[in-house]
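Shown next, in structure tokens, is the structure this report addresses.
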Amino acid sequence: MNYTHLNLYDYFYNLVKQIPEGCITTYGELARALGDIRAARAVGYMLSINQDPDKIPCYKVVHTDRRMGKYALGMDEKEKRLRKDGIRISNGIVENFRERFFSDFKTDYPLKKLQDEQENIASMANFRDGIDEDNFSAIDVSYDGRRGYGALISYNRGEYSIINIEMEVDFPYIPGYLGYRETPFVEKLADGVDGVLLIDANGLLHPRKCGLATFAGVVMDRATIGVAKSLLMGKLDDNGYIIYNNEKLGYAINRHTIVSPGNKISLESSIRKIKLLGKGKYPYILKQAHNETVAMRKRRLPS
DNA sequence: GCGACAG
DNA sequence: ATCTTGTCGC
């Protein structure tokens, strides 16, 4: 199963280049041009790692409430560049915000298209048991800017083994779109390793029923279980289940161990498996995978 | 004004 | 996730 490989960084920086001379826009407006207001923080993040502030004019992006916002080259520099464009600033507030506000981006709202794709992928997930659960692997990824460090720790046929990889990412973290960021790691790490994949994320417990565990599970036609450390959405009922729109989508083993099925496994089996593995706590194998990715990243940091 | 917001 | 340029809703 294939899916859209979109370089959201490139797409985004091209949107920023569209802001006309003498105009400003907001983080939120750029997020809407991407297709989802929930990308607003990712907009700030992508601007913060902008490698070319002269060609990609991120100084033109300000807060919705007219505050100037931050700038990697310093607030004074942002104010200076804005003033040069005729933007009036007083006490860090944009005075002529209204007449200089630009929102007419030429865009095809890529995140909306990805949402449609997620719904389609979700419709292909199945939650029937049948896969051998005795062999399993845990996957996690750490980041340093656009560089990602992924690790897989597997317990197969009584033996532990570890695989790690390093790749550049072309998609930032945006709540609801983790599949597009991390599926490439899952595919590469789990290729040739059999058994159930435990993924540090949600599966069914997702606004479009397509968290990373489901997304990657369907793409790879593999059994996956999502084990998140915090609640993305929904409410806990009296029995520990997580309910969203009157549907049971997940289960909280504890406050920091949120289980939802990804693909080719039921919610009940997912709960049983993770409860057993972690003895009611966050499974150690997932913690190990996380520790490994952090170690990889620190090893690579400039010495 | 404070929390939500997978990683 | 890292230590970092947000927004909305209660």
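The values are calculated or read from the model by the stated rules, or taken from the named source; none is laboratory data. Remember, it's a predicted structure, so these values are computed and weren't measured experimentally. Glycine also receives a Cβ, built like all others from the backbone with ideal geometry; neighbour counts cover every protein chain displayed. We work out accessible area using only protein heavy atoms, side chains counted, and drop any ligands, DNA or RNA first. Shrake-Rupley method; radii C 1.70, N 1.55, O 1.52, S 1.80 Å.
Here are some notes:
- Length gained when the stretch A:D85-A:I37 is fully extended (0.36 nm per residue, less Cα-Cα span): 14.6 nm
- Restraint check, A:K188/A:K209; A:K248/A:K281; A:K17/A:K209; A:K80/A:K106; A:K235/A:K281; A:K70/A:K113, Cα-Cα greater than 25 Å: A:K17/A:K209; A:K80/A:K106; A:K70/A:K113
- The HN-Hα couplings worked out from phi for the stretch A:26-42 by the Karplus form 6.51 cos²θ - 1.76 cosθ + 1.60 (θ = phi - 60°) are 10, 4, x, 5, 5, 4, 5, 5, 6, x, 6, 4, 5, 8, 4, 5, 5 Hz, whole numbers, x standing for Gly and Pro.
- Shape category assigned to the stretch A:177-264 from the gyration tensor of Cα positions, a/c cut at 1.5: prolate
- The residues of chain A expose, per residue, 49 Å² of accessible area to a 1.4 Å probe.
- Cα-derived Rg to Rh of the stretch A:222-287, Kirkwood definition: 0.94
- Using R0 = 51 Å, the C-beta based FRET efficiency linking A:N96 and A:I243 works out to 0.60.
- Cα long-axis angle, helix A:110-123 against chain A (0 to 90 degrees, to the nearest 10): 10
- Quotient of Cα Rg and 2.2 N^0.38 Å for the stretch A:128-300, N being how many residues it contains: 0.95
- Spin-label pair A:E77-A:N291: with each label point 7 Å from Cα along the Cα-Cβ axis, the two points sit 4.0 nm from one another.
- Per residue, the convex hull around the alpha carbon atoms of chain A comes to 149 Å³.
- Rounded Å value of the spacing that divides the Cα centres of the stretch A:1-63 and the stretch A:77-125: 6
- The stretch A:137-198-the stretch A:225-303 distance, computed between alpha-carbon centres (Å): 15
- C-alpha long axis of helix A:8-17 to longest principal axis of chain A, angle in °: 10
- FRET efficiency, 1/(1 + (r/R0)^6) with R0 30 Å, evaluated for A:E119 and A:K70 via beta carbons: 0.30
- A simple count of charges around A:P172, restricted to other residues whose Cβ falls under 11 Å of its Cβ and scoring Lys, Arg +1 and Asp, Glu -1, yields +2.
- Relative counts (whole %) of C-alpha pair distances in the stretch A:32-76, using bins that are 10 Å wide: 25, 57, 17, 0
- Taking amide H as placed 1.01 Å from N in the peptide plane, A:V196 has its amide H under 5 Å from the amide H of A:N135, A:F136, A:S137, each at least 5 places away in sequence or on another chain.
- The share of accessible area on the stretch A:128-300 that comes from carbon and sulfur is 46 percent, using a 1.4 angstrom probe.
- Taking packing as the residue-averaged number of other Cβ atoms within 10 angstrom, the listed peptides A:211-223, A:170-182, A:14-26 run from highest to lowest as A:211-223, A:170-182, A:14-26.
- Helix A:284-300 axis, angle to chain A major axis (alpha carbon atoms, nearest 10°): 40
- At full extension, A:M233 and A:K55 could sit 60.2 nm farther apart than now, given 0.36 nm per residue minus the alpha carbon distance.
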